[in-house]
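Participant: Quick one: the structure is below, and I'll ask about it shortly.
The values are calculated or read from the model by the stated rules, or taken from the named source; none is laboratory data. Owing to the predicted nature of the structure, the values given are computational and were not obtained by experimental measurement. Positions of Cβ are backbone-derived with ideal geometry, glycine not excepted, and every protein chain shown enters the neighbour counts. These area figures cover heavy atoms from the full protein model, side chains too; ligands, DNA and RNA do not enter into them. Shrake-Rupley method; radii C 1.70, N 1.55, O 1.52, S 1.80 Å.
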Amino acid sequence: MSSSSNSSNDFITDKYLSWGRIPKVSQEIRYLEWLSDAKFPKSEKSILARGLGRSYGDSCLNENGILLSTELYRRFLDFDEKTGVIRCTAGITLEDILDVALPKGWFLPVSPGTKFVTVGGAIANDVHGKNHHVAGTFGCYVKKMALLRSDNKIYEISPNKEIELYKATIGGLGLTGIILWADIQLVSVKSGFFDGEFIKFSSLDEFFEINKESGKKFDYTVSWLDCASQGENFGRGIYMRANHSQKDFSELPKDPIKLPLIVPFNFPSWTLNNFTVKAFNFAYYNKQFSKFVKKTVHYDPFFYPLDVVKDWNKIYGKNGFYQYQCVVPRDDNDKAIKEVFKTIVESRSASFLAVLKEFGEVKSPGMLSFPAPGITLCLDFINLGEKTVKLLQTLEDLVKGFNGKMYPSKDTCMRGSSFRAFYPNLNEFKKYIDPKISSSFWRRMNNS
Amino acid sequence: MRKIVALGATSLIAQETLKNFAKDKDSFFLIGRNEEKLNEVAKNLEVLGASEVNVKVVKDVCDFKAHQEIINEADKMLSNFDNFFVFYGVLGNQKEMEEDFSKAKELLDVNFISVASFVSIVANKFEKEKRGNIAVISSVAGDRGRQSNYFYGASKGGLSVFLEGLRNRLSFSNVNVLTVKPGFVATPMTAHREKGLLFASADYVGKTIYKAVKKNKNVLYTPCFWWGIMFIVKHIPECIFKKMKM
């Protein structure tokens, strides 16, 4: 019967890039397929497990090393429909979980802006979502994990067992071992719909005004910001807030029709320019006519608006793009975030997907977890070469000055000195790194 | 709800196809070589919604004497199954088979003879019951022989012709026979080759097989553009074709 061994099919390729498609690297690819014969790969080279490569920078790359792909390691191991604990292999995606769990009344406790990420990746980056201010990060819901390390032992780790290794693995960028499976605690819901409110705001001050009341009344909050408009339109955007719908099924709208859109090839570099970016931002702001809209929405358009466009990253052409996310603590009159945003808008190199949100106080178990109390800002930059790198360094210095931090899975340019300042637990974390595991990001941090 | 017997259930295409049936709450009898892997596939199907999953280890599909017994056991476990899918097959090494025919015979036994044996047993059962679905993975490589893989091509071509004849016979008994002809499927075996536009994901191929079974289709080229490619390939005159390097 047909089956395939891992070792005989190794190959080196430059096809496995990160979502931002910068940098371009060459790596050896191997596959993890079965739990029953999972072995730590034998090689002189370093290893890094990889899910779907949705990290934007180089944290999911291992230049000249081995990437252990979990694409084919995608199976459920158990689902307790009474308690809502689902056990799955690292390659299961958040979409897979929603497909299985929602019909039984369970939902993801935390979800990032795409469902095309694996559970392994969600843990390794300790991802967060629109409900961070009440729910914390994905790592808060990992009840147990199995970690394969280079001593070829499988470690079962949890908040009660091998606690330090557990804490290091959550948000640990895949450096502590290969996650084989995890138990995720889901949350109970009535349906996959949300009762949402969408409010236009014309300035950052107005955003903070709306934000003040929203955090208490709504479990999910996020804002889209126009990052192309200066002058009187500076800081305008749309505030989105929602709760799980409590409506009966009979009152709910129909599931949205899914139109699959694909970006089949890299767009030429002139597609995105100041004019098209401005036009997009203008259109997005004005697609909502009235100041306040209230409606019940399906989770797909609410959580994953970009997932309908497959391979949307290719819009940025073969040069790729930079994604940027920082968090800065709240201060007097929110000076810090305003200054960061002003620097971005004035650079005129931001693109269309700027997102603003307030993180809450819920603490993640992860040693290297990114979210911290404060305001987080996230956006794309078109790759304009040196100019963009300079801007990112200016922002990095600004954020450092404001005692904020940056998100490794969305970074391509950060300097090691800044990383060490952002993550004071780093020395503690290093004790748990597996000596055979490394990544391009990790080497960059140690060498700068 | 269907009661499905799947041979070669740990193959990638099998896993991806069966997932879709599990969501319909179907019951399964999975046959494969490795018990632990079969159990992993089984558990996944259960979580996805399968009503019942049984596994059976069969080390050698060419142990022909055991075939009837295996089918009987499946029939008992599922109390009369009505769907029979065959996913297994080997690619073989063309050069080695050219030099050592015993290797070619092994491939022909696995890919064609053993499948024909299993399917014949099941065909008689379904014919009597006047219902049932048979789906077998053949290949576009069986549509025309090429110098680079004609042993494999012959095994799949033979299989396609066998299924064609069987379809004709069973059409009078309300039994559907589906011949699946996948093109290039991205698997660890093909990963080192360029993943060009011709390569489809196993996930996609699995979905198309699921739909074809439900629609009682006869022949499925998947992805469908392979029908067009093979139409052209089949119509190249032999005097030209024999000189081509394919």
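Participant: Looking at region B:70-92, which of its residues are of a type outside the set (S, T, Y) and either within 14 Å of chain A (Cβ to nearest Cβ) or farther than 30 Å from B:K128 by Cβ (or both)?
Facilitator: Kept after step one, since they are of a type outside the set (S, T, Y), are these residues of region B:70-92: B:70-78, B:80-87, B:89-92.
Within region B:70-92, B:I70, B:F85, B:V86, B:F87, B:G89, B:V90, B:L91, B:G92 qualify.
Participant: While we're looking at this one, here's another question. Scan region A:302-311 and give yes if some residue there is free of Cβ contacts under 8 Å to residues at least 60 places away in the same chain and in a strand (DSSP E or B), otherwise no.
Facilitator: Taking every residue of region A:302-311 in turn, at least one turns out to be free of Cβ contacts under 8 Å to residues at least 60 places away in the same chain and in a strand (DSSP E or B).
Participant: Sticking with this structure for a sec: Counting residues that are under 23 Å from B:D203 (Cα atoms), away from chain B (no Cβ under 14 Å) and of a type in the set (K, R), which helices (runs of 4 or more DSSP H) fully inside region A:57-170 reach at least 3?
Facilitator: Qualifying helices (runs of 4 or more DSSP H): none found.
Participant: Considering only region A:419-430, state which residues are under 15 Å from A:D126 (Cβ atoms) and touching a strand residue (DSSP E or B) at 6+ places or on another chain (Cβ under 9 Å).
Facilitator: Passing the criteria: A:F422, A:Y423.
Participant: Could I ask something else about it? Yes or no: region B:29-48 includes at least one residue that is under 30 Å from B:F172 (Cβ atoms) and of a type outside the set (V, I, T).
Facilitator: Residues of region B:29-48 that are under 30 Å from B:F172 (Cβ atoms), as a first pass: B:29, B:31.
Narrowing the set further to residues that are of a type outside the set (V, I, T) leaves B:29.
Checked region B:29-48: at least one residue is under 30 Å from B:F172 (Cβ atoms) and of a type outside the set (V, I, T).
Participant: Still on this structure, please answer the following. Anything in region B:229-246 that is open to solvent by less than 40 Å² (accessible area, probe 1.4 Å) and more than 21 Å from the chain's Cα centre (by Cα)? List them, or say none.
Facilitator: Initially, region B:229-246 is screened for residues open to solvent by less than 40 Å² (accessible area, probe 1.4 Å), giving B:230, B:233, B:236, B:241.
Answer for region B:229-246, where residues must be open to solvent by less than 40 Å² (accessible area, probe 1.4 Å) and more than 21 Å from the chain's Cα centre (by Cα): B:V233, B:I236, B:F241.
Participant: Follow-up question, since we're still on this one. List the number of the failed condition for A:G231; all other conditions in (1) buried (at least 16 other Cβ atoms within 10 Å of the Cβ); (2) on the phi > 0 side of the Ramachandran plot hold.
Facilitator: It is condition (1) that A:G231 fails.
Participant: Could I ask something else about it? Regarding B:S155, is this residue among the small types (G, A, S), within 14 Å of another protein chain (Cβ to nearest Cβ), open to solvent by 40 Å² or more (accessible area, probe 1.4 Å) and over 28 Å from B:R131 (Cβ atoms)? So that I can check it myself, show each step before the final result.
Facilitator: Values: among the small types (G, A, S): yes; within 14 Å of another protein chain (Cβ to nearest Cβ): yes; open to solvent by 40 Å² or more (accessible area, probe 1.4 Å): no; over 28 Å from B:R131 (Cβ atoms): yes.
Criteria not met by B:S155.
Participant: Select from region B:23-41 the residues that are open to solvent by less than 10 Å² (accessible area, probe 1.4 Å) and at the interface with chain A (Cβ under 10 Å from one of its Cβ atoms) and list them in ascending order. Working first, answer last.
Facilitator: Step one: filter region B:23-41 for residues open to solvent by less than 10 Å² (accessible area, probe 1.4 Å), giving B:26, B:28-32, B:38, B:41.
Those that are open to solvent by less than 10 Å² (accessible area, probe 1.4 Å) and at the interface with chain A (Cβ under 10 Å from one of its Cβ atoms): B:I31, B:G32, B:L38, B:V41.
Participant: Taking into account only those residues within region A:363-418 that are among the small types (G, A, S) and in contact with a strand residue (DSSP E or B) (Cβ under 6 Å, 6 or more places away or on another chain), which is farthest from A:G139 (Cα to Cα)? Break it down into steps so the answer makes sense when it comes.
Facilitator: Keep residues of region A:363-418 that are among the small types (G, A, S), which gives A:364, A:366, A:369, A:372, A:374, A:385, A:401, A:404, A:409, A:416-418.
From what's left, in contact with a strand residue (DSSP E or B) (Cβ under 6 Å, 6 or more places away or on another chain): A:372, A:374, A:404.
Values: A:A372: 14, A:G374: 19, A:G404: 21 Å.
Per the criteria, the residue is A:G404.
Participant: Here's something else I'd like to know. If I ask for residues that are closer than 21 Å to A:V110 by Cα, open to solvent by less than 40 Å² (accessible area, probe 1.4 Å) and modelled with pLDDT under 90, which ones from region A:305-324 would you list?
Facilitator: Within region A:305-324, just A:D307 meets the criteria.
Okay, residues lined up against (1) touching a Leu at 6+ places or on another chain (Cβ under 6 Å); (2) more than 14 Å from every other protein chain (Cβ to nearest Cβ); (3) open to solvent by 50 Å² or more (accessible area, probe 1.4 Å):
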position	(1), (2), (3)
B:A50	no, no, no
B:V53	yes, no, no
B:Q94	no, yes, no
B:E106	no, no, yes
B:I121	no, yes, no
B:K130	no, yes, yes
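Participant: Do you know which residues across region A:35-56 are open to solvent by 30 Å² or more (accessible area, probe 1.4 Å) and within 14 Å of chain B (Cβ to nearest Cβ)?
Facilitator: Once the filter is applied, which keeps residues that are open to solvent by 30 Å² or more (accessible area, probe 1.4 Å) and within 14 Å of chain B (Cβ to nearest Cβ), region A:35-56 yields A:L35, A:S36, A:D37, A:K39, A:L52.
Participant: Which one of B:V205, B:V177, B:V136 is assigned to a helix (DSSP H, G or I), at pLDDT 95 or above, buried (at least 16 other Cβ atoms within 10 Å of the Cβ) and touching a strand residue (DSSP E or B) at 6+ places or on another chain (Cβ under 7 Å)? Spell out the reasoning first.
Facilitator: On the way: B:V177 fails: assigned to a helix (DSSP H, G or I); B:V136 fails: assigned to a helix (DSSP H, G or I).
After applying the criteria, what remains is B:V205.
Participant: Does region A:437-447 include one or more residues that are in the same structural domain as A:D331 (by TED's automatic domain parsing), surrounded by fewer than 20 Cβ atoms within 10 Å (Cβ to Cβ) and under 22 Å from the mean Cα position of the chain (by Cα)? Give the derivation first.
Facilitator: From region A:437-447, those in the same structural domain as A:D331 (by TED's automatic domain parsing) are none; that's our starting set.
Checked against the condition, which is being in the same structural domain as A:D331 (by TED's automatic domain parsing), surrounded by fewer than 20 Cβ atoms within 10 Å (Cβ to Cβ) and under 22 Å from the mean Cα position of the chain (by Cα), region A:437-447 yields no hits at all.
Participant: Condition (residue is under 20 Å from the mean Cα position of the chain (by Cα), closer than 19 Å to B:N133 by Cβ and among the β-branched types (V, I, T)) applied to region B:25-42: is it met by at least one residue?
Facilitator: yes
Participant: Could you identify the single residue in A:K212, A:K254 that is open to solvent by 20 Å² or more (accessible area, probe 1.4 Å), over 22 Å from A:G320 (Cα atoms) and either among the small types (G, A, S) or at pLDDT below 85 (or both)?
Facilitator: Numbers: A:K212 fails: either among the small types (G, A, S) or at pLDDT below 85 (or both).
Within the list A:K212, A:K254, the selection yields A:K254.
Participant: Being touching a residue at least 40 places away in the same chain (Cβ under 8 Å) and either acidic (D, E) or part of a helix (DSSP H, G or I) (or both) is the filter; apply it to region B:226-246 and report the residue that is farthest from B:G142 (Cα to Cα).
Facilitator: Checking each candidate, the answer is B:F241.
Participant: Of all residues in region A:331-379, count the ones that are over 29 Å from A:N427 (Cβ atoms) and among the hydroxyl-bearing types (S, T, Y).
Facilitator: Counting residues in region A:331-379 that are over 29 Å from A:N427 (Cβ atoms) and among the hydroxyl-bearing types (S, T, Y) gives 4.
Participant: Does A:L353 fit the bill of being at pLDDT below 95 and surrounded by 19 or more Cβ atoms within 10 Å (Cβ to Cβ)? Give the steps one after another, and end with the answer.
Facilitator: Values: at pLDDT below 95: yes; surrounded by 19 or more Cβ atoms within 10 Å (Cβ to Cβ): yes.
Yes; evaluated as a whole, the condition is true for this residue.
Participant: Could you check, for region B:160-173, whether at least one of its residues is aliphatic (A, V, I, L, M) and within 14 Å of chain A (Cβ to nearest Cβ)? Break it down stepwise before answering.
Facilitator: To start, the set of residues in region B:160-173 that are aliphatic (A, V, I, L, M) comprises B:161, B:163, B:166, B:170.
After this cut, where a residue has to be within 14 Å of chain A (Cβ to nearest Cβ) as well, the list is none.
Taking every residue of region B:160-173 in turn, none turns out to be aliphatic (A, V, I, L, M) and within 14 Å of chain A (Cβ to nearest Cβ).
Participant: While we're looking at this one, here's another question. (1) more than 13 Å from chain A (Cβ to nearest Cβ); (2) free of Cβ contacts under 8 Å to residues at least 60 places away in the same chain: which one isn't true of B:V57, the others all being true?
Facilitator: (1)
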